[in-house]
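This report refers to the structure that appears directly beneath it.
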Amino acid sequence: MAPLPVSSIRVGKIEDVQELIKSKPNKVPERFIREANERGVILTLKTQHHHHIPVIDLSKLSKPHNHDDFLFEILKLSKACEDWGFFQVINHGIEVEVVEDIEKVAKEFFELPLEEKKKYPMEPGTVQGYGQAFIFSEDQKLDWCNMFALGVHPPPIRNPKLWPSKPARFSENLEGYSQEIRKLCKRLLKYIAISLGLKEERFEEMFGEAVQAVRMNYYPPCSSPDLVLGLSPHSDGSAVTVLQQSKNSCVGLQILKDNTWVPVLPLPNALVINIGDTIEVLTNGKYKSVEHRAVTNREKERLTIVTFYAPNYEVKIEPMVELVDDETNPCKYRSYNHGDYSHHYVSNKLQGKKSLDFAKILN
């Protein structure tokens, strides 16, 4: 149920940011300049040092030789999901070579001539291909970012025409990487289930043949990073999202915590995990998806590889009965088909957590 191109959508001219900085390195076109209240505040190291999102050591969960370590880490995971919606995982078991290989071919893809990348266009109304997603009008502000997105699993969501022939090992590396990330997502959902007091296979049994997509985001340097956003504020429609940030990456990701945009400092060999809208609904709001965005840097580029993992489109989503209590925690979300929510999500521009209104029971 991948979205189809919508010919009636008029998106206007979408300038390629990599080409922009080649021709006009010091000019930011009007369509990228945000209103003052939307702009990304570039925080200094002095203001960043006390913000650290939780770090979960997966080696303490995957091999619980020490029962106390296991319980302590599960408690940390529960707190991370409940208080932050974001955490970093270390000792995740994915080989460094697999991570480096996908980063290498992603970087090589973005370095290709524009004519080559244009062979894989992201058509208006879709979220696969090269370009910018979630653009629905000619006057909508653009992100300072180039994207390349692909449906990975199950096979029917793939668009083979969009899988590039260059770089040579792109498809092979993406296949291998995606298999490893899929295993990681299954493990994470097992631990999240345990943290909720549920049986560990609860999510996997519910999700069926889970949907997996990947998006590569390339943020070139920007001469006026205080005027633009790399990626507009949003929560993810997934169950869980896995973010890989390129080696020696500058700080770009910010999450909304207590009405403050908190920068996420990348840890070496760590992956950033966040809770998506689907888990928020299933847990009846106990674990919430969190609004996040990306800012840019004056001198440094930034590359991220993001995997979205979600239930099969045919699955019915509603709060799990164990997490609903008519008196203390009444049902906050209605029942719906996940495919309908996915279609709703990709048919609207990124606008904080507005997409989740689709599922809320309004009093």
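The values are calculated or read from the model by the stated rules, or taken from the named source; none is laboratory data. Please read these numbers as outputs of a predicted model, since none were measured by experiment. Note: ideal-geometry Cβ built from the backbone for every residue, glycine included; neighbour counts use all protein chains shown. Heavy atoms of the whole protein, side chains included, go into the accessibility calculation; ligands, DNA and RNA do not. Shrake-Rupley method; radii C 1.70, N 1.55, O 1.52, S 1.80 Å.
Do you know the relative contact order of the stretch 128-215, to the nearest whole percent, from alpha carbon pairs under 8 angstrom that are 6+ apart?
Working: 78 pairs, mean separation 28.2, N = 88.
That works out to 32 percent.
What is the stretch 28-358's relative contact order, in percent, from Cα pairs under 8 angstrom and six or more apart in sequence?
21
Run lengths n ≥ 4 of DSSP H only: what is the helix-derived mean residue ellipticity at 222 nm for the chain, with -39500 (n - 2.57) per run over all residues, to the nearest 500?
Per the formula, -8000 deg cm²/dmol.
What is the set of long-range amide H partners of residue 129 at a cut-off below 5 Å, with H atoms built 1.01 Å from backbone N?
Here the answer is 149, 150, since their amide H atoms fall under 5 Å of that of residue 129.
Of all accessible surface on the chain at a 1.4 Å probe, what whole percent is carbon and sulfur?
For the chain, the apolar C and S fraction of the accessible surface comes to 52 percent.
With every protein chain left in place, what is the accessible area of residue 67 in Å² (1.4 Å probe, nearest 10)?
110
What lysines sit close enough to residue 316 to cross-link, taking a C-alpha to C-alpha distance under 17 Å and skipping anything fewer than 8 places away on the same chain?
Straight-line reach from residue 316, under 17 Å: 332, 360.
Measure nothing but the geometry: give the 0 to 90° angle between the long axis through the Cα atoms of 67-83 and the longest principal axis through the Cα atoms of the chain, rounded to 10°.
So the helix axis and the longest Cα principal axis differ by about 50 degrees.
When Rg is the radius of gyration of the Cα atoms in the stretch 148-266 and Rh is its Kirkwood radius, what does Rg/Rh come to?
Value, to two decimals: 1.00.
Say the cut-off is 24 Å between C-alpha atoms; which of 76/190; 24/353; 13/119 go over it?
Where the Cα-Cα span goes over 24 Å, the pairs concerned are 24/353.
Averaged per residue, what accessible surface does the chain expose to a 1.4 Å probe, in Å²?
Values: 16870 Å² over 363 residues.
Using a 1.4 Å probe on heavy atoms only, each residue of the chain averages 46 Å².
For the stretch 282-343, what relative contact order do you get, as a whole percent, if you take Cα pairs closer than 8 Å and at least 6 residues apart?
40
Just how much of residue 361 is accessible, in Å², when a 1.4 Å probe is used and the result is rounded to the nearest 10?
The accessible area comes out at roughly 80 Å².
Of the chymotrypsin sites (Phe, Trp or Tyr not before Pro) in the stretch 94-141, which ones lie in a loop per DSSP and count no more than 14 other C-beta atoms within 10 Å?
136
Using only the Cα atoms of the chain, what do you get for the radius of gyration and for Dmax, in Å?
Over the chain's Cα set, Rg and Dmax evaluate to 19.9, 62 Å.
Can you list the trypsin sites (Lys or Arg not before Pro) in the stretch 210-264 that are in a DSSP coil and have 15 or fewer other beta carbons within 10 angstrom?
Sparse-neighbourhood loop trypsin sites (Lys or Arg not before Pro): 247.
Mind checking which lysines have their C-alpha under 19 Å from residue 247, skipping anything on the same chain fewer than 8 residues away?
104, 107, 300
Quick one: angle between helix 96-110 and the longest Cα principal axis of the chain, in degrees between 0 and 90, rounded to 10, please.
Roughly 30 degrees between the two axes.
In degrees from 0 to 90, rounded to the nearest 10, what is the angle of the helix 170-195 Cα long axis to the longest principal axis of the chain?
30
Evaluate the distance, in nm, between pseudo-label points positioned 7 Å from the Cα of residue 68 and of residue 36 along their respective Cα→Cβ axes.
The modelled label-to-label distance comes out at 5.6 nm.
If you keep only loop residues by DSSP, which GluC sites (Glu not before Pro) in the stretch 221-320 have at most 11 other Cβ atoms within 10 Å of their Cβ?
Values: sites: 280, 291, 299, 301, 314; in loops: 291, 299, 301, 314.
Within the stretch 221-320, the qualifying GluC sites (Glu not before Pro) (loop, at most 11 other Cβ atoms within 10 Å) are 299, 314.
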